[in-house]
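Inspection log for the structure reproduced underneath, given as structure tokens.
What follows draws every value from the coordinates through simple rules; no lab data is involved. Just so it is clear, the model here is predicted, and its values are computed rather than measured. Here Cβ is always computed from backbone atoms with ideal geometry, including for glycine, and neighbour counts include all displayed protein chains.
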Amino acid sequence: PLGFFDGRIVELDEKIVAMEDRGHQFGDGIYEATRIYNGKCFQLKRHLDRCVRSLRELKIPIVYTYEELEEIHYSLIQASGITNGFIYFQITRGTAPREHGFPKNVIPHLSMFIRPMQTKTELQAVGVKCFLTPDQRWLRCDIKSLNLLGNVLAKQAAHDAKCFEAVMYREDKNLITEGSSSNFFIVKDEVIWTHPINNLILKGITRTILLEDIIPSLNLTILEKAFSPEFAQKADEAFITSTSLEVMPVISLGGKIIGDGKPGKITQKLQRAYREKAHQECK
Ligand code: PLP
């Protein structure tokens, strides 16, 4: 593992955060996480597009170009020698005396790290159990912000219940939104369902790849429509998606077995197609 901060490569345990960095004190910043397959950044453009959108929504000045960000990604890959891994970066509003309103004339801070990561193929083959829990987050879940307390508490509740992931639902409408660090899908009568894009979920890059690239190429049907936990528990198949998990089958939800308790056929098709795409693009 290696890091990058303020223009130089650093060790991960180097102390770099200023006391009054607004990311540190307010969670005032955004992040992105990209997979590295075979020494290449998979779908970096889509991650950078989302990063720019998050920055715009938070009115954080954009001071890095795509070229610069890409160059820093590749300098970390090179310096670390990691060919299969995970690059995380965050941009905070900057450092200024602690005061809620935006400070003037501060420079956003970029920090980035790389760690090795392998696809969890064994887990992907058997699937995971998911916990059901109310979604307690704020109403701008479309921004990939550093504020992750709702997600952290949901994930921990899942782990306490011996589940891999928490699937959250908004209590007011009784509709599932997404996982604590993933998007959630079900398959019912050959139709793939997932929550539509709005302020209640993050527009996952893995989700976008499935919806825009893979599902059309496999002639499968997608319905972007919210559904209840009870509807999901009666689905034929379920799965979650994220940059690190790719397409991960879900075999139980809130204590109810999904389908026959094994990864579903359509889920496995999507899983294979996604891996194939990653392999093709990162040769
Ligand atoms: N939803 C949330 C809340 C997440 O934190 C993540 C990623 O970590 C995702 C969805 C999946 O997004 P992506 O496919 O871009 O990794």
Which of the strands (runs of 3 or more DSSP E) contained wholly in the stretch 1-103 include at least 3 residues that are more than 16 Å from the ligand (Cβ to nearest atom)? 2-5, 8-10
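So which of S180, S242 is within 16 Å of the ligand (Cβ to nearest atom), without any contact (Cβ under 8 Å) to a residue 40 or more places away in the chain and under 15 Å from the mean Cα position of the chain (by Cα)?
Working: S242 fails: without any contact (Cβ under 8 Å) to a residue 40 or more places away in the chain.
Of the residues listed, the single one that is within 16 Å of the ligand (Cβ to nearest atom), without any contact (Cβ under 8 Å) to a residue 40 or more places away in the chain and under 15 Å from the mean Cα position of the chain (by Cα) is S180.
Among the strands (runs of 3 or more DSSP E) confined wholly to the stretch 173-281, which include 1 or more residues that are buried (at least 22 other Cβ atoms within 10 Å of the Cβ)?
Details: elements: 175-179, 183-188, 191-194, 221-224, 237-242, 246-253.
Result: 175-179, 183-188, 191-194, 237-242, 246-253.
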Can you tell me which residue in the stretch 106-128 is surrounded by the most Cβ atoms within 10 Å (Cβ to Cβ), limited to those that are farther than 30 Å from A18 by Cα and among the hydroxyl-bearing types (S, T, Y)? T119
(1) within 10 Å of the ligand (Cβ to nearest atom); (2) closer than 15 Å to I240 by Cα; (3) not charged (D, E, K, R) all hold for I192 apart from (1)
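Which is within 20 Å of A278 (Cβ to Cβ) and not β-branched (V, I, T), of E67, E32?
Values: E67 fails: within 20 Å of A278 (Cβ to Cβ).
Result of the check over E67, E32: E32.
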K162 in contact (Cβ under 8 Å) with a residue 60 or more places away in the chain and either more than 15 Å from the chain's Cα centre (by Cα) or closer than 23 Å to I91 by Cβ (or both): no
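When the stretch 107-152 is examined, which residues are found to be among the aliphatic types (A, V, I, L, M) and closer than 21 Å to H24 by Cβ? Spell out how you get there, then give the answer.
Going residue by residue through the stretch 107-152, those that are among the aliphatic types (A, V, I, L, M) are 107, 110, 112, 114, 117, 123, 125-126, 128, 132, 139, 143, 146, 148-149, 152.
Once the filter is applied, which keeps residues that are among the aliphatic types (A, V, I, L, M) and closer than 21 Å to H24 by Cβ, the stretch 107-152 yields I107, L110, M112, I143, L146, L148, L149, V152.
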Collect the residues in the stretch 129-155 that are buried (at least 20 other Cβ atoms within 10 Å of the Cβ) and either in contact with an Asp or Glu (Cβ under 6 Å, 6 or more places away or on another chain) or in a helix (DSSP H, G or I) (or both), keeping them in residue-number order. C130, N151, A154, K155
Out of all the residues in the stretch 211-219, is one or more within 16 Å of the ligand (Cβ to nearest atom), under 24 Å from D172 (Cα atoms), of a type in the set (D, E, K, R) and without any contact (Cβ under 8 Å) to a residue 40 or more places away in the chain? no
